[in-house]
Amino acid sequence: YGSYSIAYVPRAGEQLSSLTASTQAFDPEEFTNVELGAKWDIRPNLSATAAVYRLDRTNVVIPGMTSADPSQLADGQTTKGLELGVAGKLTSAWSVMGGYAYQDAVLTATTSANARDGATLAQVPRHSASLWNRYEFTPAWAAGLGVIYRDSIYTTTSNAVTLPSFTRVDAALFYTINRNYRVQLNVENLFDKKYYASAHSDTNISPGAPRAVRVALNATF
């Protein structure tokens, strides 16, 4: 398949807080995306996908180096990427869902000393991947195990501060009581990995959540 699209996103909320009309703050952000891909049904219950794309953005709001610095309008960004995916059943009891993404994302114009042409975009990992497995031991009992990987990222387009790469493991346990009720136990960050999830600036960085356990009762009628 092939796809070509143009989209516009108007300004809203905090995007207007540190920009003025003199810097074209009210012009919408423009997205132009070109994508080529393929979908393959390997067998009736297992499929794979692949896609390459190029995304160009103009009039983009980017954060300053610190929380006190005003946001800036970048004249252009370009992201080139590859995405691979697989989903379905490997056996009658084993289900998988996984994906890999490669992204090369850079500024295409110099906006300021901290946002130069060729700088890597903030919070865009070059490599990321995930794989989720679910195995049904019996009609009542099933378990899941997932792995998430994210490459290192820059906090802002200054490219001065880097958040390290991380690998996180999640798990789940499912018990079907009857046709109407199912109990589910989810454990996020199974091994209590310490990592940094995101950043608002070079000095405002958020850690990833520690181990979290959730129990849910699902009912159908």
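The values are calculated or read from the model by the stated rules, or taken from the named source; none is laboratory data. As the structure is a prediction and not an experimental result, all values here were calculated from the model. Using ideal geometry, Cβ is built from the backbone for each residue, glycine included, and neighbour counts are taken over all protein chains shown. Note: accessible area is taken over every heavy atom of the protein model, side chains too, but ligands, DNA and RNA are not part of it. Shrake-Rupley method; radii C 1.70, N 1.55, O 1.52, S 1.80 Å.
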query: Of all residues in the stretch 190-210 being out of contact with any Phe, Trp or Tyr (no Cβ under 8 Å at 6 or more places or on another chain) and part of a loop (DSSP other than H, G, I, E, B), which is surrounded by the most Cβ atoms within 10 Å (Cβ to Cβ)?
result: ASP202
- prompt: Mind checking which pairs have a first residue in the stretch 130-152 that is under 16 Å from PHE191 (Cβ atoms) and open to solvent by 60 Å² or more (accessible area, probe 1.4 Å) and a second that is at pLDDT 95 or above and part of a loop (DSSP other than H, G, I, E, B), Cβ under 8 Å, 6 or more apart or different chains?
  reply: TYR149/SER165
task: Pick out the one residue from ASP202, ASP117 that is charged (D, E, K, R) and in contact (Cβ under 8 Å) with a residue 60 or more places away in the chain.
output: ASP202
field: In the stretch 178-189, residue most open to solvent (accessible area, probe 1.4 Å) [restricted to those that are in contact (Cβ under 8 Å) with a residue 12 or more places away in the chain and farther than 12 Å from GLY144 by Cα]
entry: ARG179
- request: Report whether or not ASP41 is assigned to a strand (DSSP E or B), among the acidic types (Asp, Glu), without any contact (Cβ under 8 Å) to a residue 60 or more places away in the chain and exposed (fewer than 13 other Cβ atoms within 10 Å of the Cβ).
  value: yes
